[in-house]
Amino acid sequence: MPAATSHRATKAAFDLDLHPIEQLVAHAAAERCATPLAAAPLDLGDAAGFMGKMAGKAAGAAMGKLLGGILGGGGGRQEKPDLDKDPIKSKFKQKIEHPGGDAAIRIGGQRYDNGLLISTRVDKAAGKGTFHTMFLERPDCTRIFPEQYLKYALWGKWSLSVSVTKTTSTYQDGKLIDQTTSTSGWSKSGDFDFSRGFSLWDQLDDETRLLLNPDDAYLAQLRREIGTPAWQQMGFGEPSEGVRAAGGLFRVTPEQLTPGTIAVVHITHIDGGRYRTVGFPMQFSFADDGHMAFEQLGGE
C-alpha cells in the first residue's frame with residue numbers, strides 16, 4: 001500500500017498598502033469643499049437622557065456639586081449670563097428658510113478692518129434649537145471658525161400684565177355717599193433672555209477608521225474640526241433652549257476670503273427623538289458700506 005501523505009494548509013500573510021486608496025478618497029473628498037455638503041445634517045445623539053449621558057462622562061465630584069445647583073440643592077442659584085448687543089440692525093438681515101421647511105434663520109453681517117461679524121437668530125427650530133457651529137469654508141478646504149461667539153438673546157418665555165384700578169368717590173356735606181370701582185388692563189407675551197445656569201463639556205470618542213466614501217470622509221473631517229460645538233462654548237450643556245441669537249466674530253483678512261468661499265451655519269433641532277443639526281450653506285457678498293448679503297446654496 002502506498003504510504004499515506006499528509007497535507008498541511010499554510011496561511012499566507014499579505015501586507016495591504018492602503019495609502020493609495022486613502023489618497024484617492026482624500027482627493028475626492030476635497031472636491032466637496034465649499035459645496036452644499038458642508039450643511040449636511042450631523043447626528044448628535046438621542047435627545048432622551050442626553051444630559052445624563054454627558055454627566056456620566058464628567059468628573060463625579062465636580063458634577064455632583066454642579067448638578068446640585070442646577071436642581072436647586074446645595075444653595076445653588078441660577079444666574080443670567082451677560083449678553084452682548086447685536087450691532088447688526090434688523091434692516092440689514094435676511095430670513096433664510098431651510099428647504100425642508102422645518103427651520104429658519106435670520107442672518108446679517110458686517111466687514112470690519114480686522115475681520116467680520118456674522119449675526120444670526122434662530123427663527124424656527126423644533127425643540128428650541130440653538131447654534132452648533134458657524135464657519136467659513138474656502139474651495140481649498142480651509143475652514144475659518146469664529147474667534148469668539150457673542151450671545152445676544154436666549155430662549156425663554158416672559159409675560160407682563162398691567163392692571164389699572166380706578167376708584168370714584170362721591171361726597172356730600174363731607175360724607176361719603178357713593179363709591180364705584182372700575183378695572184382695566186392689558187397684557188403682552190413673548191421671548192426674553194434667561195440662563196439655564198450650567199455648563200457641561202462632552203468628551204467625544206476619537207474614532208479612527210478607514211472611510212472609503214468621499215462624502216463620509218469629508219463629513220468626518222468636518223466633525224473633527226468643529227471640535228467643541230458652539231452651544232458648549234457659550235456655556236450650555238444641551239443643544240436646545242440655550243442661545244437663540246448669536247454672533248460669530250471672525251478674524252480674517254480680505255485676502256483669505258478667496259472667490260467661492262461660503263458661510264455655513266448649523267443649528268440644532270429634534271428630529272425623530274434625536275438631536276441633529278440643520279445646515280445653511282450660503283454664498284455671500286459685501287455692499288459698499290461693508291454689510292453682507294447672503295444667498296443660500298441649493299442642492300443638499
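The values are calculated or read from the model by the stated rules, or taken from the named source; none is laboratory data. Treat the numbers as computed from the prediction; the structure is a model and nothing was measured. FYI the Cβ positions are ideal-geometry reconstructions off the backbone, even for glycines, and counts take in every protein chain you see.
Here are the numbers:
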quantity: Filtered residues of region 20-46 (kept if surrounded by 14 or more Cβ atoms within 10 Å (Cβ to Cβ) and within 16 Å of residue 224 (Cβ to Cβ)); calculated: 22, 25, 26, 29, 30, 32, 33, 37, 38, 40, 42, 44
quantity: Any hit, region 277-294, residues being part of a strand (DSSP E or B), at pLDDT below 95 and over 11 Å from the mean Cα position of the chain (by Cα); calculated: no
quantity: Filter result for residue 113 (without any contact (Cβ under 8 Å) to a residue 24 or more places away in the chain and surrounded by fewer than 20 Cβ atoms within 10 Å (Cβ to Cβ)); calculated: yes
quantity: Index of the failed condition, residue 201 passing every other in (1) of a type outside the set (A, V, I, L, M); (2) at pLDDT 90 or above; (3) surrounded by 11 or more Cβ atoms within 10 Å (Cβ to Cβ); calculated: (2)
quantity: Residue within region 72-88 that is surrounded by 11 or more Cβ atoms within 10 Å (Cβ to Cβ), under 23 Å from the mean Cα position of the chain (by Cα), polar (S, T, N, Q) and modelled with pLDDT under 95 present; calculated: yes
quantity: Among (1) within 20 Å of the chain's Cα centre (by Cα); (2) modelled with pLDDT of 90 or more - the single one residue 154 does not satisfy; calculated: (2)
quantity: Filtered residue count, region 281-300, keeping only those that are surrounded by 15 or more Cβ atoms within 10 Å (Cβ to Cβ) and touching a helix residue (DSSP H, G or I) at 6+ places or on another chain (Cβ under 6 Å); calculated: 3
quantity: Index of the failed condition, residue 93 passing every other in (1) of a type outside the set (A, V, I, L, M, F, W, C); (2) in contact with a Cys (Cβ under 7 Å, 6 or more places away or on another chain); (3) buried (at least 17 other Cβ atoms within 10 Å of the Cβ); calculated: (2)
quantity: Residue selected from region 257-276 under the condition hydroxyl-bearing (Ser, Thr, Tyr) and under 12 Å from the mean Cα position of the chain (by Cα), by the criterion surrounded by the fewest Cβ atoms within 10 Å (Cβ to Cβ); calculated: 275
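Each row is one residue, and each column tells you yes or no for (1) assigned to a strand (DSSP E or B); (2) of a type outside the set (D, E, K, R); (3) farther than 18 Å from residue 230 by Cα.
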position	(1), (2), (3)
106	yes, no, no
111	yes, no, yes
118	yes, yes, no
121	yes, no, no
127	no, yes, no
132	yes, yes, no
139	no, yes, yes
151	yes, no, no
